[in-house]
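*Asks:* First the structure, which I've put down as structure tokens, then a few questions once you've had a look.
Readers should treat all values here as calculations from the given coordinates under stated rules, not as data from a laboratory. Keep in mind that this is a model prediction, so the values were computed, not measured. Ideal geometry is used to build each Cβ from the backbone, glycine not excepted, and the neighbour counts take in all protein chains shown.
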Amino acid sequence: MEKKWEAMTPDEKQEAQFQKLLNPKDPQGNALKFQSPEAEATYKASITRIKDAVQLKKTPDRVPVTLLPSMFPFTNAGMTVQEAMYDYDKCAAAFKKFILEFKPDMHIGAAQAGPGKFYEILDYKLYKWPGHGVAPEHSYQCVEQEYMKAGEYDLLITDPSFYFRNFYLPRVFGALEGFTMLPPLTGILEIYGVAFNFIPYALPPVQGTFKALFEAGAEALKWAMVIGGLNGELATLGFPNILGGFTKAPFDTIGDTLRGTRGIIMDMYRQPEKLLQALEAMTPIMIGMGLGSAQQTGNPQIFIPLHKGADGFLSDEQFKKFYWPTLKAVMLGLIEGGCIPFAALEGHWGSRLKIIQDIPRGKTMWMVDQTDMAKAKETLGKNACLIGNLSSSMLKLGTPQDVRDYAKKLIDTAGKGGGFIMSNGAFFDEAKPENVKAMVDFTREYGVYK
Amino acid sequence: MSGKLVKLLSDLKEPEALQFVEKALAEGVDPAALLEEAREGMAVVGQRFAKEEYFIPHLIFSGEILKGIVKRLEPHLKKGKEQKPLGKVIIGTVAGDLHDIGKDLVVFMLDVSGFEVLDLGIDVPAQKFVDAIKESGSKIVGLSGFLTLAFDSMKETIDAIEKAGLRDKVNIMIGGGQIDEQVRIYTRADACGRDAMAAVQLAKGWIGG
């Protein structure tokens, strides 16, 4: 009899997740119909290849190759980022063209542009995007501010969801102003007084916020249907999406969009205990975010973009005290739940390798941007699968021969014995198509393990 | 009292440094002398950053403490002669790019290292750099950019400087995000640097300091 999910060990859960990926279903729950036997074989070979690269038990048949673009599929199709954000069909068509043109073993979906109209409906202030502070051909960019004030830690620690709804969200979404008037849900207990909790829902600002939410939800669904439909179609063509969801390191959750870079740095000096408590409070929430999305998508790889732990952003001592413990806890929690943390070491992380290599073997993957790949292989690479690190500058400015030479070096060092996936190192908007092609094609030829 | 404030500031002892300043002012210590000590303290912070004993948080926090000190000193300071800067540097994040954290760190390090910095901000059009060079006579320009779109913006900015006939009058450095030697060659900048210390060293090299 099959073991119940709850009774499985992390190893068994991971295996079960891979089995699920190897036997994909269509939205009705039936076995996915591939468009050809070749597509099915390609799909399954890719999943097996990633599985071997991640688990470090067997050398894969060859180095897997993936592409992790930002806006490149759209610029490559001759459209602006603005078009990709506002015309979902165009966005999906461009992404499909991108996959069929370059044929990576797998992809992470076409969600990067996101639904422009949705941001408009909610009056999103955290980003500037094409037509809203950025040129049509450029990517969206974050507007960093202290959206959470220095004196609000106790509110966040006590009830993170209440804090997010009543304080953080109305500050980053203009249309969610009505949330500031809502009482905590935990006040709804018994018949006496229960109705008082609902009075705010009669107020016009709250009703305005809910109207915006209905509209935003409908827009998000419209977009997701197109993007999700594309995922299904690409799967039938032999190209699996390997992304199951996303979460963050608690330090980045607080440092990126709540307190901001300057804010969290002040807190490390002025109120370190409060910051540590808040990091602890965010940890189970970040684990739940990853596990929840893996459950929804049926895909165990949970992306974790890592920002403020990079070389120079913190001292070693600060990294060990503020950044790593809760990031590690998030990763362990995800592993415990059968997920594969897929962390991205954005920028340089050379000074952190010896610390972060302390993770369970064969359970994680790490996207390497500018860190020395040979050094990463000797440390972190002993325990984990590495992905990367073809640079954005080489993809945009180099020649196909530069790309092949560098890819060869990567396969010879990072690829040794498995545990490596060829890819770009940072999400890219711009590149010469012939360079992208050279990276994929060369890996298919030269990356075969003998 | 000599050296006490230098040490408190460079060791990032915020409450102690601010208390010290308040007490010293109450005791009639010359505010200009206190400001000079604070400057020395910031120079020590810069040296520790260069030696990789200090990192970005130490820089940003020391800047915050300095702000607190200057706020307390300002009402007592007479408008006097400023220290002569080492040289002028124009800095900005190039057109289309809105990122400022890296640029601000470079501005900060140049400032504490004795340069006068003209910070043009983010998303700066090429022409604004050209105008700033003309107006200020600065010999050093720093272009910052985080995104790949900055490669072209940097190139266009340097082209515009060249078209204005100013290219041989300035040294240009670039940095940020995905910037490396390959991008430097593409943009025809004079140098690229990985961090704020690199910017200071380049600037000092160019002015012969």
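*Asks:* Search the structure for amide H atoms under 5 Å from the amide H of A:Asp123, placed 1.01 Å from N in the peptide plane, and list their residues when 5 or more places away or on another chain.
*Replies:* So A:Asp123 has HN proximity to A:Ala175.
*Asks:* Over 23 Å between Cα atoms: which of A:Lys44/A:Lys222; B:Lys103/B:Lys128; A:Lys103/A:Lys432; A:Lys13/A:Lys51; B:Lys84/B:Lys134; A:Lys58/A:Lys320 fall into that group?
*Replies:* Distance filter (> 23 Å) returns A:Lys44/A:Lys222; A:Lys58/A:Lys320.
*Asks:* List, in the order given, every pair from A:Lys20/A:Lys96; A:Lys308/A:Lys363; B:Lys7/B:Lys67; A:Lys408/B:Lys51 whose Cα-Cα distance in the structure shown is over 26 Å.
*Replies:* In this structure, A:Lys408/B:Lys51 exceed 26 Å between Cα atoms.
*Asks:* Please identify, among A:Arg171, A:Arg270, A:Arg259, the residue showing maximal mean-square fluctuation in a Gaussian network model of chain A using a 10 angstrom Cα cutoff.
*Replies:* Maximum fluctuation in the GNM of chain A, among the listed residues, is at A:Arg270.
*Asks:* In addition: For a quick check, take a GNM of chain A with Cα springs below 10 Å and name the residue from A:Phe313, A:Phe102, A:Phe303 with the largest mean-square fluctuation.
*Replies:* Comparing A:Phe313, A:Phe102, A:Phe303 in a Gaussian network model of chain A, the most mobile one is A:Phe313.
*Asks:* Quick one: Karplus J couplings for segment A:161-166, per residue in order, coefficients 6.51, -1.76, 1.60, θ = phi - 60°, nearest Hz, x for Gly and Pro?
*Replies:* Couplings: 5, 5, 4, 4, 5, 8 Hz.
*Asks:* Can you spot the aspartates and glutamates whose alpha carbon is less than 17 Å from B:Lys23's alpha carbon? Ignore those fewer than 8 places along the same chain.
*Replies:* B:Glu14, B:Glu36, B:Glu37, B:Glu74
*Asks:* Please list the three semi-axes, largest first and in whole Å, of the ellipsoid equivalent to segment A:318-389, using sqrt of 5 times the eigenvalues of its alpha carbon gyration tensor.
*Replies:* 18, 15, 10
*Asks:* Once both labels are modelled 7 Å past Cα along the beta-carbon direction, what's the B:Asp159-A:Glu6 spacing in nm?
*Replies:* Taking the simple label geometry, B:Asp159 and A:Glu6 are separated by 6.5 nm.
*Asks:* Along the positive direction of the dipole of the protein assembly as shown (beta-carbon charges: Lys, Arg +1; Asp, Glu -1; about the Cα centre), which of A:Met367, B:Thr93, A:Ile285 reaches farthest?
*Replies:* Going by the Cα projections, it comes out as A:Met367.
*Asks:* Additional query: Quick check of the Kirkwood formula: for segment B:88-207, what is the inverse mean of 1/r over all pairs of different Cα atoms, in Å?
*Replies:* 13.5 Å
*Asks:* Starting with the highest mean, order A:95-101, A:207-213, B:60-66 by the number of other Cβ atoms within 10 Å, averaged over the residues of each peptide.
*Replies:* Order by mean packing, descending: B:60-66, A:95-101, A:207-213.
*Asks:* Ok, one more. Give me the one-decimal nm value for the distance between modelled label points at B:Lys23 and B:Gln201, 7 Å along each residue's Cα-to-Cβ direction.
*Replies:* Using points 7 Å along Cα→Cβ, the separation is 4.0 nm.
*Asks:* Take the Cα coordinates of segment A:242-325, assign each an equal point scatterer, and use the Debye formula without solvent to give log10 I(q)/I(0) at q = 0.12, 0.17, 0.21, 0.24 Å⁻¹.
*Replies:* Normalising to I(0) and taking log10 leaves -0.37, -0.69, -0.94, -1.12.
*Asks:* To one decimal place, what Kirkwood hydrodynamic radius in Å is obtained for segment A:6-45 from all pairs of distinct Cα atoms?
*Replies:* 11.5 Å
*Asks:* Next question. If I histogram all Cα-Cα distances within segment A:290-358 using bins 10 Å wide from 0, what percent of pairs lands in each bin?
*Replies:* 20, 49, 25, 6
*Asks:* Then there's this: In whole angstrom, how far apart do the alpha carbon centroids of segment A:333-394 and segment A:42-80 sit?
*Replies:* Cα centroid to Cα centroid, the span is 16 Å.
*Asks:* Can you give the alpha-carbon Rg of segment A:171-268 over 2.2 N^0.38 Å, where N counts its residues?
*Replies:* Cα Rg divided by the expected 2.2 N^0.38 Å: 1.60.
*Asks:* Before anything else, pin down the relative contact order of chain B: Cα pairs under 8 Å, at least 6 apart, normalised by residue count, whole percent.
*Replies:* Relative contact order here is 18 percent.
*Asks:* If amide hydrogens are placed 1.01 Å from N in the peptide plane, which non-local residues have theirs closer than 5 Å to the one on A:Ile421?
*Replies:* A:Leu386, A:Ile387, A:Gly388
*Asks:* Additional query: Which residue, A:Phe198, A:Ile121, A:Leu156, has the largest displacement toward the positive end of the dipole of the protein assembly as shown when charges sit on each Cβ (Lys, Arg +1; Asp, Glu -1)?
*Replies:* A:Leu156
*Asks:* Report the convex hull volume per residue for chain A, counting only C-alpha atoms, in Å³.
*Replies:* Spread over its residues, the Cα hull of chain A gives 162 Å³ apiece.
*Asks:* Right, something else. What distance in nm separates the simple spin-label points at A:Leu185 and A:Ala220, each placed 7 Å from Cα in the Cβ direction?
*Replies:* Taking the two extended label points, one gets 1.4 nm.
*Asks:* Please report the equivalent ellipsoid semi-axes of chain B, computed as sqrt(5 x eigenvalue) of the Cα gyration tensor, largest first, in whole Å.
*Replies:* Equivalent ellipsoid of chain B: 35, 18, 14 Å, largest first.
*Asks:* Share of Cα-Cα pairs in segment B:4-76 beyond 15 Å, in percent?
*Replies:* Within segment B:4-76, distances greater than 15 Å cover 47 percent of Cα pairs.
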